[in-house]
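Peer 1: Below you'll find the structure I mean.
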Amino acid sequence: MGGRVFQVIDTLDARDGTSEVARIYAPILAACGAEPSILTLRTHESIRAETRPLESVVWRRDDAAIVHIRGFTRLERFLETFPGRKAIYFQNITPPEFFASGSLRYRETRAGWTQVPRLAELADVWLAPSRYNLAALASLAPASRPQRVVPPPIDPGVERGRPLSAACLRALRAREEINFLFVGRLAANKQQERVMEVFDYYHARINRRSRLHLVGSASSDPRYASALMRLRSRLASRDAIELPGTVPDDELHAYYRAADLFLCLSQHEGFCLPPLIAAAHGVPVLAQAAAALPETIGPAAVLLHRYDPARIAELAHAILEDSALRERLREAAARHFARFAPDAVKGAWGLALAELRQ
């Protein structure tokens, strides 16, 4: 098969993690012979130059499509009618039980999971950033398909060299405090309330010269965001807990640079890029051993197998006080990043495209 290969996504957003994965892949796929532009139904104006409208393409029988799935999609009809070979790239969907029954997010995620078996059956190949996602797909699909794991590329040198806000970095370091960090939208599956509780123990009983930064949008689940604000108001450490919302990229890079510890207690992730970015900056990572995290960050982090705020806070203190332990974590991370090297990811895409083009 020698036809065109397209990336396709329902909506491409400038500030969305799953959209960012498609954008990162575009030049890698282009180097493998795919079309450079991402096909979309809707695109944020700031990144429109990276895309083409889906309806602008006249399809050929030897074309192939890689369709990103990260929730309920309007692309089911496209998968039904597309004349060529099709892969779905399953970025996973948050389980609906993390949201209030009957809420908008509950209905959206429930609809997404209900749709997954049909999408899996329509595809010729299944792709995902983790084995965990492929297993979730296989558990729901009526029949099996060829499968490939293709993770996003992460280059520690590139991450550490990204432009950052010098003013933001100075502000974060000005108090000479220990900086705890978590990056991710405020959502119940990400368990920011547990991060707060661990930090509260650390701040109140171990080191008052400390601060927690929970960076991420509050718009996806306003009910949960409000609950976090109420929790913060009740904690002894409330004045040391900051929720800056979504920040510009140069400020986000400053948060990573200033962090002393990245604490991730998420209960559901199909990949989870932020702890890997933190590890790329040399920041020690404590992560819950849940969902895809043991696979994706596990070898580069200290994994937590049960939730005990006091024990986790004491472990964080031990890591922060032990420079030899932090160095061993950095060495483990350096070895782990080999699987995310740009050449390794390009090779994974080459195998995936060969499967798709059969």
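Peer 1: Among the listed residues Ile28, Ile66, identify the single one that is assigned to a strand (DSSP E or B) and either at negative phi or of a type in the set (Lys, Arg) (or both).
Peer 2: Ile66
Peer 1: Taking the condition outside any helix (DSSP H, G or I) and either under 17 Å from Ala123 (Cβ atoms) or not assigned by TED's automatic domain parsing to the domain that holds Pro96 (or both), does Thr40 pass?
Peer 2: Criteria not met by Thr40.
Peer 1: Next question. Of everything in the stretch 224-267, what is surrounded by 21 or more Cβ atoms within 10 Å (Cβ to Cβ) and assigned to a loop (DSSP other than H, G, I, E, B)? Give them in sequence order.
Peer 2: Matches in the stretch 224-267: Ala259, Leu265, Ser266.
Peer 1: Quick test for you: out of Thr81, Thr51, pick the one residue that is buried (at least 20 other Cβ atoms within 10 Å of the Cβ), of a type outside the set (Phe, Trp, Tyr) and free of Cβ contacts under 8 Å to residues at least 40 places away in the same chain.
Peer 2: Thr51
Peer 1: For residues that are among the charged types (D, E, K, R) and in a loop (DSSP other than H, G, I, E, B), tally how many sit in the stretch 274-307.
Peer 2: The number of residues fulfilling the criteria is 1.
Peer 1: Return the residues of the stretch 309-321 that are among the acidic types (Asp, Glu) and surrounded by 13 or more Cβ atoms within 10 Å (Cβ to Cβ); say none if nothing qualifies.
Peer 2: Within the stretch 309-321, Glu314 is the sole residue that qualifies.
Peer 1: Give all pairs with beta carbons closer than 9 Å in which a residue from the stretch 231-255 that is in the same structural domain as Ala167 (by TED's automatic domain parsing) and closer than 23 Å to Glu159 by Cβ meets a residue that is outside any loop (DSSP other than H, G, I, E, B) and of a type in the set (Ser, Thr, Tyr); count only pairs at least 6 apart in sequence or on separate chains.
Peer 2: Listed by first residue and then by second, the contacts come to Pro244/Tyr255; Val247/Tyr255.
Peer 1: Let me ask something else about it. So, in the stretch 190-214, how many residues would count as being surrounded by 21 or more Cβ atoms within 10 Å (Cβ to Cβ) and within 24 Å of Asn92 (Cα to Cα)?
Peer 2: 5
Peer 1: Moving to a separate point now. With respect to Trp113, is the statement that it is surrounded by fewer than 19 Cβ atoms within 10 Å (Cβ to Cβ), of a type in the set (Phe, Trp, Tyr) and closer than 25 Å to Leu54 by Cα true?
Peer 2: Here the answer is yes, as Trp113 does meet what is asked.
Peer 1: Within the stretch 125-156, how many residues are in contact with a Gly (Cβ under 9 Å, 6 or more places away or on another chain) and either of a type in the set (S, T, N, Q) or closer than 19 Å to Gly84 by Cα (or both)?
Peer 2: Final tally of qualifying residues: 2.
Peer 1: Can you give me the ranges of the strands (runs of 3 or more DSSP E) entirely in the stretch 107-206 with at least 1 residues that are touching a Cys at 6+ places or on another chain (Cβ under 7 Å) and under 27 Å from Glu314 (Cβ atoms)?
Peer 2: Strands (runs of 3 or more DSSP E) meeting the threshold: 178-183.
The values are calculated or read from the model by the stated rules, or taken from the named source; none is laboratory data. Quick caveat: nothing in here was measured; it's all calculated off a predicted structure. Glycine gets a Cβ as well: all are built from the backbone with ideal geometry, and neighbour counts include every protein chain shown.
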